[in-house]
Every structure is written in structure tokens, then in C-alpha cells.
Amino acid sequence: MKVLVTGAGGQLGHDVCCELKKRGITYLGTTSSQMNIADSTVVQTVCETFSPDAIIHCAAWTAVDLAEANAEKAFLVNKTGSRNLAIAAKNLGAKLIYVSTDYVFSGREEEIYEVDSKPDPINVYGKSKLAGEQAVQDILDHYFIVRISWAFGINGNNFVKSMIRLSETRNELSVVSDQIGSPTYTRDLAPLLCDMIETNAYGIYHATNEGYCSWYEFAKEIFLQLKKEVVVHPIVSEEYETAAQRPKNSRLSKESLISNGFAKLPHWKDALSRFIAEYQNNMEPNQ
Ligand SMILES: NC(=O)c1ccc[n+]([C@@H]2O[C@H](COP(=O)([O-])OP(=O)(O)OC[C@H]3O[C@@H](n4cnc5c(N)ncnc54)[C@H](OP(=O)(O)O)[C@@H]3O)[C@@H](O)[C@H]2O)c1
């Protein structure tokens, strides 16, 4: 089995490459400078040359707020780029995993979102990621679409790293408490994606760490585990202005994982403690 990974310079792509390496699977991890996914000729050349059996597509333009004023760029990478990869997968007969997002949903519903709930994105990033899902579905008869949320991993910027940094200088801060979802530790997700490509259990999945929380609860748990005395004040989304609106309910049902024979990921608090250990190890000199 040979696996091509996009977004290898990002959080998830990095951890997927580490997992493939650990398993002794031949892989090619690509960054945007090695393979700009928006360039169909480059995608075709790289894919034909490496000839993968599977593509784990982690690359995306993930700048959620910037996307509001740069819809063209967001769609170019997230829709056209994903379309290019789906075409390459079809031509090679390779499996494709497209990593998507909770932001394909509006978050206005009260219920937990099932894999077949109706997408209705409320920001440009979510619309571009949904367009990527649709491109994959239009081109391929069989595909994996894996929606994740609130990702954090060692190789990139994320909420946990921001809170760790803020805890060095602040003893008080305000965090949004009316957006509820699930954090996803990319190091926990990577083995699941590597398991998936070994199967033919195609379909749409939701894959996050177990349990739900608000950003406020997430921040409080980060400081608790860090043993830092930072007072966290809950605020509503309207008090924290951002260019892009975020869904208030990002709770995703993971039942399709179980019904297809995959294990759920560990609880987010457990994931957080392992991430903090990984982060602190990484910070030690000579590492
Ligand atoms: N981060 C989250 O909270 C979150 C939540 C839900 C879903 N997701 C989805 O999960 C996946 C992985 O996210 P992540 O957090 O690992 O993202 P990330 O850290 O931002 O990494 C994304 C990578 O995509 C690459 N990329 C951007 N434009 C590209 C292009 N034109 N050609 C090739 N590569 C390009 C970037 O590479 P360069 O740096 O080389 O440009 C970047 O390293 C994405 O599909 C994302 O939409 C993320």
C-alpha cells in the first residue's frame, strides 16, 4: 500500500505522516510548495509519478475569518483542489479520504448532527468545504468523507497552544461559552484515518474526540491540567466579534464509526492531557 498525504505541513497531515511511518507504510507527504492542489497539472503529475493506492487529503485553506473576504481563494483550494485530487484518485483507482468540518452545518439545530443531517454552512470557509465534499461525491463512486472539529495537534497553531501561551502572561481572560462542540486531537484521528484506508467501509463519518464542551469549558480544563491559575469568564459569541460567524451547536454524532466497525476516539480531556505532555516534551531543550 502506498499513500499520498496532502497538507503534510499542517496539524493533521503531519500526524498522519507520523502514523504511516510508524506502521511502515510507504507514503509521500506533500506541502503546498511541493504540490499546489489548486493546480490540476501539478496534481496529475505528482499523483501519476507516485501512483498511490490511497490519498489522505488533509490540505485546506483553513483561515476561517480571512475566507470571508477571500471566497475565491477558499473555493480554489477547498473545492477545486479537492476536485483535482478526486479526479487523480479516480484515474488511478485509488481510495480517497477527504477531511471535512463541522462548519458544513449551521449549528442552528438543537439536535446532535448525524452524518446525513442537511448541511447549511453559515460562513465562506464552511461553504467552500461543503463544495469540496460535493466535488468528491460527484467524481467518485466510493469515497471517505470524515468531518472533524476544533482540531489541535503539535504541528500548527490551535486553541490549546494559544491558551498555553496566554497562561504565561495573563491571569484572567474571557472565552466564548455558547458554542458547543468537540475537540479533535489530530494524533488520535491519524490512526483512525490510516485504519480506514485499509477497508472498503466507504461513506461519510464524523470523527472527533468523545464528549462535548464549550470553548469556555475547554479553556478551563486546559488551565486546570496545566495547573495555572487563570480566571476564565464566560462570554457570548456576540461579545467576541469575528469576521466569520461560527455555528453554536457543533455536536456531531459518531455512531457511523461504530456501525462500520471503527472504534470511537478517546474522551477530549484524555486527549488534552496527552497533547500537553507532547507539547511540553517538544519544548524541552535538545528535543
Ligand atoms: N483546524 C481545525 O480546527 C479544523 C476543524 C475542522 C476541520 N478541519 C479540516 O481538517 C483538515 C486538516 O486541518 P489542519 O488543522 O491540519 O489544517 P492546517 O494545519 O491549516 O493545515 C492545512 C495545510 O493545507 C495546506 N494547504 C493550503 N493550501 C494549499 C494548497 N493550495 N495546496 C496544497 N496544500 C495547501 C497548508 O500547507 P502550506 O502551509 O504548505 O501552505 C497547510 O499546511 C482540513 O481539511 C481542515 O479543513 C480543521
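The values are calculated or read from the model by the stated rules, or taken from the named source; none is laboratory data. In this text the structure is predicted, and so the values were computed from the model without any measurement. Positions of Cβ are backbone-derived with ideal geometry, glycine not excepted, and every protein chain shown enters the neighbour counts.
List of remarks:
- Of all residues in the range 9-25 being touching a Phe, Trp or Tyr at 6+ places or on another chain (Cβ under 9 Å) and over 21 Å from ALA201 (Cα atoms), the one that is nearest to the ligand (Cβ to nearest atom): GLN11
- Going through (1) over 21 Å from SER273 (Cβ atoms); (2) within 11 Å of the ligand (Cβ to nearest atom); (3) out of contact with any strand residue (DSSP E or B) (no Cβ under 8 Å at 6 or more places or on another chain) one by one, ILE145 falls short only on (3).
- In the range 6-25, the residues that are over 20 Å from CYS47 (Cβ atoms) reach residues that are part of a loop (DSSP other than H, G, I, E, B) and away from the ligand (no atom under 14 Å from the Cβ) with C-beta atoms within less than 9 angstrom, at least six apart or across chains, in these pairs: GLU19/ILE25.
- LYS161 vs. criteria charged (D, E, K, R), in contact with a strand residue (DSSP E or B) (Cβ under 6 Å, 6 or more places away or on another chain) and within 15 Å of the ligand (Cβ to nearest atom): no
- ILE204 being closer than 20 Å to TYR113 by Cα, modelled with pLDDT of 95 or more and away from the ligand (no atom under 13 Å from the Cβ): yes
- Yes/no for ASP138 being in contact with a Lys or Arg (Cβ under 6 Å, 6 or more places away or on another chain), surrounded by fewer than 21 Cβ atoms within 10 Å (Cβ to Cβ) and either at pLDDT 95 or above or of a type in the set (Ser, Thr, Tyr) (or both): no
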